[in-house]
Structures are given as C-alpha cells and as structure tokens.
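The values are calculated or read from the model by the stated rules, or taken from the named source; none is laboratory data. Bear in mind the structure is a predicted one, so any value in this text is a computation, not a measurement. FYI the Cβ positions are ideal-geometry reconstructions off the backbone, even for glycines, and counts take in every protein chain you see. Accessible surface is based on the protein model in full, side chains and every heavy atom, while ligands, DNA and RNA are left aside. Shrake-Rupley method; radii C 1.70, N 1.55, O 1.52, S 1.80 Å.
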Amino acid sequence: MEICYKRNLNQSYMFITSNPAYSGYQIHMCRQNHIHNLLQFEPVVSEGETQFRYEITGKRSLDHVLESSDFAIDMFAKMLETLLGICQEIRPYLLEEEGILLEPESIYLENGTKKFYFTYCPGRKEPVTEGFRKLMEYLLAKINHEDEQMVLASYEAYQKSTEEGFSLDEILRILYQYRQQNVEDYVPDRQKTVSSKKVAALQKGVMPWEPEKKEVDAEEETAGQKKKKGYWKKYEIDMIEKDDEYYKKDAQSRGWNMAMEEKLQECIAAISRIPAFLTGKINHEKEEEQIVCTPMDYKEMQEENPTVYLGTERAPEGVLRYDGKEGISNIRMEYFPFIIGSSEQADGNVCIQGVSRMHARITREKEDYYVEDLNSMNGTWLNGKMLAYREKEQLCMNDVIQLGRERFTFL
C-alpha cells in the first residue's frame with residue numbers, strides 16, 4: 001500500500017494505491033452510502049493502477065497532531081468510540097472491518113470540530129484487532145508519562161490488546177473506568193491487573209513494562225560503595241603519578257628552555273608591530289615616493305583587478321520577516337518544530353484572516369531548515385509553489401513563504 005498527497009487551489013487529497021488492485025462491490029457500497037466518520041473517496045485509474053482518492057481538506061493526520069499535543073485519555077476514548085461506531089454502521093452494507101486502516105497517517109482529526117475520521121481501503125484484509133495492537137504500540141510512545149491516569153489506562157489497554165480474542169468494547173470499558181475515577185481511588189481495586197510495585201514505579205518515572213530492578217540490601221550497598229570509592233581513589237592517585245612522569249619526559253624530549261621562550265616573545269612582539277607598519281606610523285630613514293592616481297587610472301585599475309568577496313555565505317537566523325500591511329511582528333524561531341497559525345496554541349501566532357489555526361510547520365535538521373503545510377485551508381506557498389500536505393521543502397536565505405495571502409521572508 002502506497003500513500004501520496006496532492007493539492008489544488010481549494011482541496012487537499014490523499015491517494016492510496018491498493019496492492020493488489022481491487023474493483024469489487026465494496027467500492028460501490030462506500031460511494032453510494034454516506035457512512036459517518038469515514039473519509040469519502042473516488043477510484044482513480046492512473047497508468048494501469050487503481051488509486052483511491054480521499055479528500056482530507058481541513059484535517060490533519062494523527063501522527064501530525066501528536067507532534068504538537070499530548071495524547072490524553074479523553075482523546076483516546078473519543079477515537080475508540082468513533083471506530084466502534086464505524087464498525088457497527090458498515091455491517092448492514094456487508095463491508096468488512098478489515099478494510100479500516102489504523103495506521104497513524106490514515107487517521108484524521110478535523111481542525112475545527114475535533115472529530116475523528118478513518119480511512120476505508122476496499123480489498124484490505126488486515127484484522128482490525130491486529131491493526132489496533134500495532135496502533136497501541138505507537139501510542140505508548142506518544143502519551144504524557146507524567147499523567148499517571150493515562151499511563152495506567154494505556155498500559156492496561158495494550159495488555160488487553162495482546163490477548164487472543166479481545167474486543168474493542170473491552171478496551172473502551174477500561175478507558176471509561178480510568179476516566180471516571182482518580183488513579184489513587186482506582187488502582188487498589190485492580191490489584192490483579194496493576195500491582196502496587198508497578199504503581200510505585202510509575203510514580204518514580206519508571207514505565208510498568210520495564211524490568212524491575214533487583215533490590216539490594218542497605219549494608220551490601222554501603223560496602224559496595226566504599227569498595228568502589230576506594231578503587232577510584234587509588235585509580236586517581238595512579239593516574240596523577242603517571243601524568244607527572246609523562247610531562248617530565250615530554251619536557252625533556254622537547255628541550256624546552258628559557259632561550260626558546262625568549263625567542264617566542266620576540267616573535268610575538270614583531271607580529272604586534274605589523275599593523276603599525278601598514279598604517280605608516282613608523283618613520284623610516286628613506287621615505288618612499290608618493291604615488292598619485294588619477295580617476296582614470298583608478299578606473300582602469302578596478303577593471304584589471306576586480307575586488308573578489310572571500311567571505312562565506314551568512315547562515316540563516318531562523319527569522320520570518322513579515323512583508324504585509326497588517327502590522328504583524330517578525331517571527332523568531334528559537335526551538336523546533338515550530339508551528340505557525342492563528343491559534344493561541346501555535347508557536348508563532350499570526351491572527352489574520354486566511355491563516356488556519358495550525359497552518360504550517362518549520363523544522364530544523366542540523367543546519368538545514370524545512371517548511372511544510374499542515375493541510376491548511378488556504379494553502380502554503382514557497383517561492384510561488386504550492387506545497388502539498390506532508391511535503392517538506394528546504395528553506396534558503398530570502399525565500400518567500402506565503403500563508404494564504406500573507407507573505408514572509410526567511411532570514
């Protein structure tokens with residue numbers, strides 16, 4: 001399965017190439033019946049291959065959303081509720097649940113309503129439980145590990161997803177139980193699932209699935225520390241003695257003496273007099289003849305010996321200079337990734353009509369900067385070229401970035 005993205009002036013699309021190609025009744029069922037929270041698609045035949053074109057205007061994929069916000073338990077429950085509702089709604093149309101894609105780049109969140117939308121790929125045969133287990137592995141790395149309630153709920157949901165024959169309803173019930181109660185009130189009632197040691201480990205910042213460290217007796221630990229401390233003390237003394245011997249031998253081999261040091265000081269003094277010689281502050285016994293250049297001679301001299309710039313190109317400062325008339329301040333990017341939009345949660349706030357809440361993102365890889373569109377409503381241009389969703393383009397000095405109608409120059 002291959003995924004690519006394209007955009008025109010008003011709409012943004014995701015294209016999925018089905019492998020193997022499929023042209024059965026599932027395509028007609030999805031097109032003829034409006035199923036809530038499923039992305040609408042059209043089959044497109046290109047170069048002998050059948051692609052499915054999904055409209056994703058005004059939506060962002062789950063992996064993009066989680067790059068700038070935490071995955072909270074309410075978001076988790078809402079996503080699972082939407083998935084269960086789709087599974088129930090497609091059954092009367094004889095559509096199989098295996099066609100629902102659960103990859104993070106195929107799950108979308110609408111910018112304004114915050115509704116979840118899923119992608120249905122006709123002909124796909126992966127069980128929804130297997131897809132959900134893989135999704136859980138991805139989400140475990142994206143949750144806020146300081147949120148104990150979310151950590152415990154996600155861990156138990158993942159443990160349940162590894163069991164054979166589990167259902168999504170069981171996962172949702174786990175989330176409801178954690179969401180309605182505090183962790184302190186809820187954990188003691190579920191000792192069979194989450195042990196008190198694992199809860200204590202969570203409070204120390206250790207993940208429940210990490211192996212527990214072997215407890216060491218206090219006396220053994222003290223004795224071990226003393227032994228280790230004595231070892232390092234002896235090691236430091238030995239190293240100091242070795243260093244002294246090394247420098248003594250090294251000084252002798254180099255033949256370092258006071259005469260050489262005096263010679264070095266004379267060289268430094270001679271070098272310090274060079275600027276004065278060039279400026280003519282030192283009087284010489286024999287004065288040099290002054291050379292007078294006429295304007296014509298100077299012009300010919302320039303043509304024969306043009307000035308060449310020997311410096312290096314100035315590195316970008318990570319600044320977007322506003323070139324419009326709305327009085328917006330310049331944007332200085334001090335950390336990355338850096339999101340620009342009209343939302344207060346955006347890193348660079350540009351509250352102008354035509355700029356989406358989360359419009360574009362600037363990233364940095366070593367010394368290189370990149371810009372990409374976040375599926376904004378009015379699009380992002382780089383030097384006059386419209387960017388497709390998830391298309392990254394490298395930025396150079398004085399490149400023009402256009403967000404809707406507003407222009408910025410990258411410095």
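Structural remarks
- The set of residues from segment 18-49 being of a type outside the set (Asp, Glu), within 32 Å of the chain's Cα centre (by Cα), open to solvent by less than 80 Å² (accessible area, probe 1.4 Å) and at pLDDT 90 or above comprises Asn37, Leu38, Leu39, Phe41.
- Residues located in segment 119-158, provided they are of a type in the set (D, E, K, R), at pLDDT below 90 and in contact with a Ser or Thr (Cβ under 8 Å, 6 or more places away or on another chain): Arg124
- Restricting Val350, Val400 to those that are modelled with pLDDT of 90 or more and either open to solvent by less than 30 Å² (accessible area, probe 1.4 Å) or touching a helix residue (DSSP H, G or I) at 6+ places or on another chain (Cβ under 7 Å) (or both) reduces the list to Val350.
- Of the residues making up segment 333-388, just one is over 27 Å from Ile107 (Cβ atoms) and in contact with a Pro (Cβ under 7 Å, 6 or more places away or on another chain), namely Tyr369.
- Residue within segment 129-142 that is in contact with a helix residue (DSSP H, G or I) (Cβ under 8 Å, 6 or more places away or on another chain), among the basic types (Lys, Arg) and open to solvent by 10 Å² or more (accessible area, probe 1.4 Å) present: yes
- Reported count of residues in segment 146-167, each being within 15 Å of Ile73 (Cα to Cα), of a type outside the set (Phe, Trp, Tyr) and crowded, with 16+ Cβ neighbours inside 10 Å, is 10.
- Selection count, segment 353-385, where residues are open to solvent by less than 20 Å² (accessible area, probe 1.4 Å) and among the hydrophobic types (A, V, I, L, M, F, W, C): 6
- Only one of the listed residues (Phe52, Phe15) is aromatic (Phe, Trp, Tyr) and surrounded by fewer than 19 Cβ atoms within 10 Å (Cβ to Cβ). That residue is Phe15.
- Residue within segment 372-382 that is more than 19 Å from Lys59 (Cβ to Cβ) and touching a Ser or Thr at 6+ places or on another chain (Cβ under 7 Å) present: no
- Flag for Ile86 being crowded, with 16+ Cβ neighbours inside 10 Å, modelled with pLDDT under 90 and of a type outside the set (D, E, K, R): no
- Checked against (1) closer than 29 Å to Glu81 by Cα; (2) surrounded by fewer than 19 Cβ atoms within 10 Å (Cβ to Cβ); (3) hydrophobic (A, V, I, L, M, F, W, C); (4) under 29 Å from the mean Cα position of the chain (by Cα), Leu9 passes all but condition (1).
- Scanning segment 90-114 for residues that are open to solvent by 50 Å² or more (accessible area, probe 1.4 Å) and over 20 Å from Lys59 (Cα atoms) turns up Arg91, Pro92, Tyr93, Leu94, Glu96, Glu98.
- For beta carbons closer than 9 Å, sequence separation of 6+ or different chains, a first residue in segment 94-108 that is over 13 Å from Leu83 (Cα atoms) and a second that is among the charged types (D, E, K, R) and buried (at least 21 other Cβ atoms within 10 Å of the Cβ), there are no qualifying pairs.
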